[in-house]
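The values are calculated or read from the model by the stated rules, or taken from the named source; none is laboratory data. From a predicted model like this one, the values you see are computed outputs, not experimental measurements. Counting neighbours? That spans all protein chains shown, and the Cβs are built from the backbone with ideal geometry, glycine included.
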Amino acid sequence: MSQPSNEPSFRESVDLMFNRAVRLMDLRPGLEEKIRVCNATYTVRFGVRLRGEIKTFTGYRSVHSEHMEPVKGGIRFSLGVNQDEVEALAALMTYKCALVEAPFGGSKGGLCVDPREYEEHEMEMITRRFAYELIKRDLINPAQNVPAPDMGTGEREMAWIADQYKRMHTTDINGAACVTGKPINAGGIQGRTEATGRGVQYALRAFFRDDEGVKKANMKGTLDGKRVIVQGLGNVGYHAAKFLSEEDGAPVVCVIEYNGAIWNDDGIDIEELKQYITEHGTPEGFSGGQFFEHGENLLERECDILIPAALEGVINLSNANRIKAKLIIEAANGPVTAGADEILRDKKTVIIPDMYANAGGVTVSYFEWVKNLSHIRFGRMQRRQEESRHQLIVDELERISRDTSINWTLSPDFKEKYLKGAGEMELVRSGLDDTMRLAYDSMAQVWHGREDVTDLRTAAYLTAIGKVAASYHAKGL
C-alpha cells in the first residue's frame, strides 16, 4: 500500500513520536540524544553460489540500546529491508522491552531477500551464511544479541541459525539461547508461535478492564459483541482474530489481505478462511462472506476495533480522516504513521500502540531464553506436586460429603480442571497475561493521571523512556 509523498518515513515517524514524548520529560542534558540514536548498525554483503552463479545479498543488524544486555530483536527477510527501517524497528524494540520489563536492550536485523523466490535448501544456505557473518562478530550470542522471527522468517530459520551458532561455538552450553522462536524439538517453548496474537488478545482484555479508557473510546461493556476488522491474516492477525472470535465473543466481520478481502456481518470463521487462503492463495471464492477485490477500502468501514496486523503505514495521511473505528490496536509495527496518528488523536480515536500491543512475541521469547539458560522445561518440577496437593483437597471435600448430611457433589468438569497441574503452555500464557496487564496499568496510570498526556502512545513512550533513563542512570550516565 503506497503512502503519500509528504508522509514521514517509518523512521521519521518513530523519531517524531519519541520527540513528542520527551518534550514532556525532564531528562538530564544529553540523555535524550543518547536514548534516541542507534548505538551501531552493521551492514554485511555476502555471496552464495546458487543455480550456477554467485548471488550477492545485503543484510543488516542494528543495536539501538545496550542499557541492558543481551539486546533483543527479530530478523526479517524482505526485499523492502533497508537501514532506516531496521534502525527504527531496533528503537521500537528498546522501548517495547522496557515497557513490558523484559531485561533486554533493543536490536533488529534484516536481509534483502524474497524467500518465495528460492527453494528450501537454497534459503538454508542463504540463512546460514547470513548467520555466519553475524555470529563471528558476536551479533548473535546468548549473552549479547538474541534474534527472533519477524516478517518472512519463522521457526525454520531460527533452527538453522541456532544450529549454525552451535557449529561455530561447540563448547557453549547455552548455545540454544542464541536465538528464540525455535521449534519445540530444537529448544523452543510452547506458545511462542501464537505469542504475538495472544498478546493482542490480552492487551484488549486489559483495555476493557479500564473503565475510564473504554469511556474515552466512546464504548462500554466488555469485548463480547465488539465488531472487529483485521488487516493481514499472517501469523499475528490469524491468531488474534481466532482467539478474539472464539474465546471473547468478538466477531471478526472483515479480514483484509493484500489480494482481496472478505466481509461477513455475522462474523467470519477464521479457521476456515485461513485454510482456504492456504489452499488457494487468495480469499477470492471463499463461501463464508462477500469478497472485495480492493480490500484496503474496507479499513474505512465502521467497526468497534480495527487491528492492522501486517505492514507499516497502512493508515496514513491519505485515509486517516475516513477511519471510523473507535479503537485501533497496532498488532503490526508502525501501521499508523505519525501524520495519521495526529489526525486520529484529533478525532478522539483511541490507539493502543504497537510497542505495547505486539509485545507478546518478545515476552514469550524472554521466557524461551530463560528456559534455554535454565536447561529445564517450565512445569517439569512442580506440575505433579501441584496436582497431588489439589487431589488432597478434592478427596477431603468428597469425604466430608460422604460423612455428613450435606447432599452435594463436585461436578466432573470442576474436578478435571482443578486437578490438572499447570504445564508449560499454561505457565507461558499466565506469564504473558500478567505481563500485558501490568504493562497496560503502567501506561494507563500516565494516560489518566497527567493532563498533558492525551493518548496511550505518548503514555507508552513516557513509561518506556523513563525506564531506559533509569537504567542508564544506574550505570553512571
Filter the stretch 191-221 for residues that are among the basic types (Lys, Arg), crowded, with 21+ Cβ neighbours inside 10 Å and assigned to a loop (DSSP other than H, G, I, E, B) and give the result. ARG192
With the requirement that a residue be touching a His at 6+ places or on another chain (Cβ under 9 Å) and in a helix (DSSP H, G or I), what does the stretch 421-466 give you? ALA459
Hey, ALA162 hits all of (1) at positive phi; (2) free of Cβ contacts under 8 Å to residues at least 40 places away in the same chain but one; which does it fall short on? (1)
Please indicate, with yes or no, whether at least one residue in the stretch 418-435 is β-branched (Val, Ile, Thr), in contact with a Gly (Cβ under 6 Å, 6 or more places away or on another chain) and either assigned by TED's automatic domain parsing to the domain that holds SER374 or closer than 30 Å to TYR356 by Cα (or both). yes
Mind checking which residues of the stretch 1-27 are touching a residue at least 12 places away in the same chain (Cβ under 8 Å) and either part of a loop (DSSP other than H, G, I, E, B) or in contact with a strand residue (DSSP E or B) (Cβ under 8 Å, 6 or more places away or on another chain) (or both)? MET1, GLN3, PRO4, ASN6, GLU7, PRO8, SER9, LEU24, MET25, LEU27
Give the stretch 28-65 a look and list any residue that's part of a strand (DSSP E or B), in contact with a helix residue (DSSP H, G or I) (Cβ under 8 Å, 6 or more places away or on another chain), closer than 20 Å to ALA98 by Cα and aliphatic (A, V, I, L, M), or say none. VAL63
Tell me which residues, restricted to the stretch 64-87, are out of contact with any Cys (no Cβ under 9 Å at 6 or more places or on another chain), surrounded by fewer than 24 Cβ atoms within 10 Å (Cβ to Cβ) and within 20 Å of GLU33 (Cβ to Cβ). GLU66, GLN83, ASP84
Hey, among the residues in the stretch 119-139 that are in a loop (DSSP other than H, G, I, E, B) and free of Cβ contacts under 8 Å to residues at least 60 places away in the same chain, which one's nearest to the chain's Cα centre (by Cα)? ASP138
Does the stretch 204-217 contain at least one residue that is within 28 Å of HIS67 (Cβ to Cβ) and either of a type in the set (S, T, N, Q) or touching a Ser or Thr at 6+ places or on another chain (Cβ under 6 Å) (or both)? no
Given the structure, is ASP150 among the acidic types (Asp, Glu) and either free of Cβ contacts under 8 Å to residues at least 12 places away in the same chain or more than 30 Å from PRO335 (Cα to Cα) (or both)? no
Counting only residues that are of a type in the set (Ser, Thr, Tyr) and closer than 16 Å to VAL236 by Cα, which one in the stretch 348-364 is surrounded by the fewest Cβ atoms within 10 Å (Cβ to Cβ)? THR363
